[in-house]
1. Charges only on Cβ, +1 for Lys and Arg, -1 for Asp and Glu: so what's the dipole of the chain about the Cα centre, in debye to the nearest 20?
2. Using the Cα centre as the reference, give the magnitude of the dipole from point charges on the C-beta atoms of region 85-190 (Lys, Arg: +1; Asp, Glu: -1; all else neutral), rounded to the nearest 20 debye.
3. So, for region 170-224, what is the accessible surface per residue at a probe of 1.4 Å, expressed in square angstrom?
4. Once ligands and nucleic acids are excluded and a 1.4 Å probe is used, how much of R301 is accessible, expressed in Å² to the nearest 10?
5. Note down the relative contact order for region 88-159 as a percent, whole number, built from C-alpha pairs under 8 angstrom at least six residues apart.
6. When the helices in the chain are scored as -39500 (n - 2.57) per DSSP H run of 4 or longer and the sum is shared across all residues, what 222 nm value do you end up with, to the nearest 500 deg cm²/dmol?
7. In whole angstrom, note down how far apart the Cα centers of region 260-339 and region 366-424 are.
8. Most fluctuating residue of I262, I46, I314 in a GNM of the chain with Cα springs under 10 Å: which is it?
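The values are calculated or read from the model by the stated rules, or taken from the named source; none is laboratory data. All figures in this text were calculated on a predicted structure; none of them were measured in a lab. Ideal geometry is used to build each Cβ from the backbone, glycine not excepted, and the neighbour counts take in all protein chains shown. Protein only, heavy atoms only, side chains kept; ligands, DNA and RNA dropped before computing areas. Shrake-Rupley method; radii C 1.70, N 1.55, O 1.52, S 1.80 Å.
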Amino acid sequence: MKKKNIAFLLVVLTLSIASMAQETTLLHCGKLIDTQKGTILNEQTITVQGSKIMSVKKGYTQAKGDQIVIDLTSKTVMPGLIDMHVHLEGETSPKRYIEPFTKNEADVAYTASEIANRTLMAGFTTVRDLGGSGVNVSLRNAINKGTIHGPRIFTAEKAIGTTGGHADPTNGYKKSLMGDPGPAEGVINSPEDARKAVRQRYKNGADLIKITATGGVLSVSKNGVNPQFTQEEVNEIVKTAKEYGMSVAAHAHGIEGMQRAIKAGVTTIEHGSLMDKETANLMKQYNTYLVPTLSAGRYVRQQADIPGYYPDIIIPKIMKVDAGIRQTMKMVAEEGVNIAFGTDAGVFPHGENAKEFAYMVETGWSEMFSLQSATITNAKVLDMEGKLGVLSEGALADIIAVDQDPTKNIATMENVTFVMKNGTIYKK
């Protein structure tokens, strides 16, 4: 009898869970942003069942039976936001450069868990994590399983660099600790190393590849803009990545490194701080997307005035990039380069990702363009067209709301008041 009762209870529980998964929710939306057409619709109802959007209809549909109604009639509703450049394993701090020596992997994981939830609460239901220690793979898996709350993650695992380059994890260490990291650690020095490093990232569970095509501002090394891969090396990285079904994101500040990466066929250029018109035209020719990360540049320049916040070797690099980035981005906007929304969160506090919208508008992109870059454009870059970045039948039910119309006040994006991901409400 006991075994039968237990079996019966398990069946009932299973059916209850299945029923909950198919629960129908009606979202009554005062305003709705159609990211496909770049327009705003009034008085719409989104019907959500399970993890998907079943329909979007004009007017406020009346609930039937046990359907649930969510009143968003005073809100502006849009698809969940996508940030193409974050680092979820940590966050800016004067202690950031000693943390590799003081934090265990478990410490990083607990930190990343809180950061992931904070990111989701800010309305970012999908992100690309462009480089960490490897905890980002476990974080992705835990979120997918429902163990913790956070955005949908596409992760690059550990970024790939060259010896002494921006992604060399031992930069700034004393000689006895430097060692000689290789492809397994994401450091390469030949096309053969490049193949091994890409395959290792695949083995470790990466969704895409991140490379540091030039020096970087915040690494403990002197040059922030020089090219750091040969053309043959970056060609091999992209070729191998494509063979394994992965795209490539290339960190790059300087022109030569950018051009090598673009010619190799990378999908995105991250930062692009000192781009010229020739490189902008090359990006259009190769259909490459720029991820501007304006938030990171603003924050880093601000913190550079605080004595001791960054190591001394970094300050001249910050000043050099800051001197050219705003003019560069205005040129990029005028030239019509493909833009994918990304922030480099982690370089500045996580959860403040939406400040990027105001910086984009200030640079010269329209409010609607900036919203589309964080939704429908990024969905295209992620090869998730029709599933993310849109509010339409069959799309995943990633839906957020803000109090005002962001095409009239873009700052409202910094206060997301409703968050649904995969049909589950996380913030109301």
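1. 980 debye
2. Details: 11 positive and 11 negative charges, 33 e Å.
With Lys and Arg at +1 and Asp and Glu at -1, about 160 debye.
3. Details: 2580 Å² over 55 residues.
Per residue, region 170-224 has an accessible area of 47 Å².
4. Here the residue's solvent-accessible area equals roughly 60 Å².
5. Values: 97 pairs, mean separation 25.8, N = 72.
Relative contact order, region 88-159: 36 percent.
6. -11000 deg cm²/dmol
7. 24 Å
8. Looking only at I262, I46, I314, the biggest GNM fluctuation is shown by I314.
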